[in-house]
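Please treat every number below as a calculation from the coordinates, not as lab data. Worth saying up front: this structure is predicted, and the values here are computed from it rather than measured. In this analysis, Cβ positions are derived from the backbone assuming ideal geometry, glycine residues included, and neighbour counts consider all displayed protein chains.
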């Protein structure tokens, strides 16, 4: 959002929502960069790795499976931003054909039809 606002788009917002703003006049660019490049997450990962390795393995199992370490996060974000800058056009996905899935809606029965259905089921139970 900050980039869009800096670019001139009129987006109603509060500066309190943007990381790094202490007050209306003060902007802490380092805090913004920490948030943007995942440094906060990397610090948290390192802290959890040292304090509670079991919880770390459970919480960050997706990162571990992909071989991502806390030190790799910033470079991953930098590469992602470079790729976005190269081509920021939206990638359109091909939609699947969902016509094979039919939508079944039950027809509402009148009171007489429901009563007849109950009678038929009771008769069926008596026959057995």
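Between the range 74-100 and the range 110-127, the alpha-carbon centres lie 57 Å apart. Each stretch of four or more DSSP H residues adds -39500 (n - 2.57); spread over every residue of the chain, this sum gives -15500 deg cm²/dmol at 222 nm. Just to be sure I understand the curve: with the Debye formula and one point per C-alpha of the chain, what is log10 I(q)/I(0) at q = 0.10, 0.14, 0.16, 0.23 Å⁻¹? At q = 0.10, 0.14, 0.16, 0.23 Å⁻¹ the computed log10 ratios are -0.64, -0.91, -1.08, -1.27. Considering every Cα-Cα pair within the range 37-93, what fraction, in whole percent, is farther apart than 18 Å? Of all Cα-Cα pairs in the range 37-93, 44 percent lie more than 18 Å apart. Compared with the dominant Cα axis of the chain, that is its longest principal axis, helix 73-86 is turned about 80°. Can you figure out the FRET efficiency of residue 35 with residue 93, using R₀ = 25 Å and their beta-carbon distance, to the nearest 0.05? Using R0 = 25 Å, I get an efficiency of 0.30.
Site pair residue 123 and residue 17 shows an inter-label distance of 6.5 nm when each label is modelled 7 Å from Cα along Cα→Cβ.
At a threshold of 8 angstrom on Cα-Cα distance, excluding pairs fewer than six apart, so keeping six or more, what relative contact order does the chain reach in percent?
Numbers: 47 pairs, mean separation 17.3, N = 128.
With pairs under 8 Å counted, the relative contact order is 14 percent.
Length gained on full extension, residue 55 to residue 68: 3.0 nm, using 0.36 nm per residue less the C-alpha separation.
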